[in-house]
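Every number here is computed from the coordinates shown, using simple stated rules; none is lab data. Small disclaimer: the values here were computed from a predicted structure and weren't measured. When we count neighbours, we look across all protein chains shown, and the Cβ atoms used for this are built from the backbone with ideal geometry, even at glycine.
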Amino acid sequence: MAGLTPRTRREINYFSYGRRRTKTRSRKRINISTLWLKWLYQYKNLIDTVTEQRKRMIKAVRYCLTLLTALLILTTPTNSKVSDSVVYVQEPAPITLSLKPDYFSNITYSNEELECLALNIYFEAGVESTAGKLAVANVTINRKNSSDYPDTICGVVKEGKHYHDKKIDKRYPLRDRCQFSWYCDGLVDKPKKGRTWNTSLEVAEIALKKHYADILIDITDGSTHYHANWMEKYPSWAYTKKKMATIDRHIFYKSGKYR
C-alpha cells in the first residue's frame, strides 16, 4: 500500500453509489426483455387462435353450401315424375291491326308530285333532321290546300315569275323571283344520289300517302311560311303572321285561307 494515496470518505461513497446504480440498470433491462418476450408469446397464441377459428368457419360454410346443393338436387322434379301434371298455357289472341298492310294500296299520286316534293325537301332541309324535312313537306302541302296558292304540289314548289322560251316551248324561272329560293337561284337543280336524297324521297312519299289518306300529322300547325332563324333581319311578312313553331333552323308562320 506504500506510495498510494488513501481514499477519502467522499470518494469511497461515490464509487459505492456507482456500483449500486449499475446493478439497478441491469435489472431493469432484464425486466423489459422478459416483458417483451411474454408479449410476443401471447400475440402468437392470439394469432393462432384467430386462424384456427377462421378455418373452422370456412369449413362450416362449405358444409352448409354442400348440404343446400344436395337438397336442391333432390327436390327438383324430373320430367318422368311431372309428365302427368303438365300445365297448359293458353296462347293470347292475335292482335288485329287497325291499319291493314294494304291500307295505302288505293292511294295514288303521280311521280311528278313525288319528285317535286322530294326536291323541295332536299334543297330546303336536306341537312336537317327528319322533323325538319317533314316540316317543309307540311308547309308545301298546306300551301296546296290554301286558296292563296296553286292547287298542286308542283305548282306550289315552282310558283314564281317565269320566262317562256317559245322555240323549245319551255319555261324558266326568273332569278330570285320565286317562292323557294333553290328553284330560281340559277344553279343546277339536280340532287346528288346518296343518303340525303333517299331520306328526302322517303319523307316525301310518306307525307303524300298520309296526306291523301287524310291522316297526315302537321307538326307546323298549319304553317304556310318559314324562314331561316339565323337571318339578321327577318322578312317583312314575318311581322304580319302568327309564329307557330321553330324546328331545326327554320321558324314557321301561319296565314291564309284553306280549301
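Things worth noting here:
- Which of LEU187, LEU119 has the fewest Cβ neighbours within 10 Å, and the rest in rising order: LEU187, LEU119
- The range 111-254 - percent relative contact order, Cα under 8 Å, separation 6 or more: 27
- Anisotropy class assigned to the range 147-259 is rounded, per the alpha carbon gyration tensor with a/c under the 1.5 cut-off.
- Ordering 66-72, 163-169 by mean Cβ neighbour count within 10 Å, with the highest value first, yields 66-72, 163-169.
- Within the shell defined by Cβ-Cβ distances under 11 Å, the residues around ASP176 carry a net charge of +2, with Lys and Arg each +1 and Asp and Glu each -1.
- Out-of-range pairs (alpha-carbon distance over 32 Å; input LYS192/LYS241; LYS161/LYS190; LYS161/LYS193; LYS161/LYS192; LYS158/LYS254; LYS144/LYS192): LYS192/LYS241
- Ratio of Rg to Rh over the range 140-199 (Cα coordinates, Kirkwood Rh, two decimals): 1.03
- Taking TYR212, TYR63 and counting other C-beta atoms within 10 Å, the order from fewest to most: TYR63, TYR212
- Each of ASP151, ASP248 was scored by other Cβ atoms within 10 Å of its Cβ. Listed from fewest to most, they are ASP151, ASP248.
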